[in-house]
Number of protein chains: 2
Amino acid sequence: MSSRRAEQRNRTEARILTAARKLFAELGYDRATIRAIAAEADADPGLVMRYFGSKDDLFARAAAFGDDDHVTGTPEQAAEQLLTALEHKLADEPTEALAALRSMFTHPDALSEVRSGMVARQRQAAGHLAPDDADLRAGLLGAVTIGAVIARHLLRLDGVADAEPERVTALLRGAFHEIAYGSIRSDDA
Amino acid sequence: MSSRRAEQRNRTEARILTAARKLFAELGYDRATIRAIAAEADADPGLVMRYFGSKDDLFARAAAFGDDDHVTGTPEQAAEQLLTALEHKLADEPTEALAALRSMFTHPDALSEVRSGMVARQRQAAGHLAPDDADLRAGLLGAVTIGAVIARHLLRLDGVADAEPERVTALLRGAFHEIAYGSIRSDDA
DNA sequence: GTCTATAAAGTGATAGAC
DNA sequence: GTCTATCACTTTATAGAC
């Protein structure tokens, strides 16, 4: 199954894939050209097409929004689980997810990837939040999560970009619990 | 100063500008081509260049992150002010801002526009929040705000996209106050 | 298996006719 | 002032030599 040639092919194929992930995450779908990816991987542009078929196929394999653990238990517990999931996303730089995130506003496939991933989590989480406006609560928890990830990894906002992940989640803990099962207050500052 | 010809020119120039805003907001910088913008405005592609100089110049005039009112007073009051600012952003579709937002991950100029606008607000707001970790608090309030706007207008998340703006802010009220001046809790769900 | 050469299409920008 | 024609360039994708 693995002659010397096949081995070599697998190695360059893997090199191309990580180069693609890196450039898609840094530049987005349109600006990360096949030529640039090939150069980053020290490979020939023709090989990229031969191995992956098309740029879209390559992107599909390089970008992924990834799955989260399902949330369980009470709204209090669900809030904590979503909080630690966020902490992981802040701690490391998930290149596959960043590739999808950076491209989602300009590439339809990337948008589908992110959107479908988010609504799936949303639906699953909604069952473990306060029953009034559960879907909106779940959507807002997703919005806060993606906002924090964007602010840190893509926008690199002062303060957020370099803070310890635990400090961020410590500051957001109250907010998550409020959204998950807090009462709805119209204006009683 | 305004002959009939000059009037006509101003009118098509304005038509081109609103067409540019629309397409930049819908497609992003790269995919909104000058030809498509001209077609949308029922004008000639050459005119677009003649009136605005270059695509970059056109984008600079079409996309803007906009200014918010300065926040004032106590942290409680600041939280309320930021909340009503968010409510406005949810209520209408600010095409200029959406053009900048959609392009910020793939076009350097758009990123600068958004980033500089956000850090300016952040710095201004930080002075009116709880003094411990004020900059991080301000950054997170910005992250939550941009996350909500993205979820509603760009991602069109279920629940968030069609909810009444007041319901969204009512649900986020507790979260904003927690982030603005809540105590830092490490894990006492 | 790998790479060269090129095709086919689309882009921003420009020169010049009307 | 407006529009036609085109330049110069870049992109993905393909055909075929080595």
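A short reminder: the numbers here are calculations on the coordinates, not readings from a lab. A quick note: this is a predicted structure, and the numbers were derived from the prediction, not measured. Reconstructed Cβ throughout: ideal geometry from the backbone, glycine too, with neighbour counts over all protein chains shown.
What number of residues within the stretch A:104-121 satisfy the criterion of being assigned to a helix (DSSP H, G or I) and under 15 Å from A:Gly66 (Cβ atoms)?
Qualifying residue count for the region: 11.
Taking into account only those residues within the stretch A:92-125 that are more than 11 Å from every other protein chain (Cβ to nearest Cβ) and more than 13 Å from the chain's Cα centre (by Cα), which is surrounded by the most Cβ atoms within 10 Å (Cβ to Cβ)?
That would be A:Ala125.
Please go through the stretch A:153-189 and give me each residue that is more than 8 Å from chain B (Cβ to nearest Cβ) and among the hydroxyl-bearing types (Ser, Thr, Tyr), ordered by number.
Passing the criteria: A:Thr169, A:Tyr181.
Looking at B:Leu58, B:Leu47 in this structure, which one is farther than 24 Å from B:Leu98 by Cα and within 16 Å of DNA strand D (Cβ to nearest atom)?
B:Leu47
Please find, within the stretch A:12-26, the residue that is nearest to DNA strand C (Cβ to nearest atom) out of those that are in contact with a helix residue (DSSP H, G or I) (Cβ under 7 Å, 6 or more places away or on another chain) and among the small types (Gly, Ala, Ser).
A:Ala19
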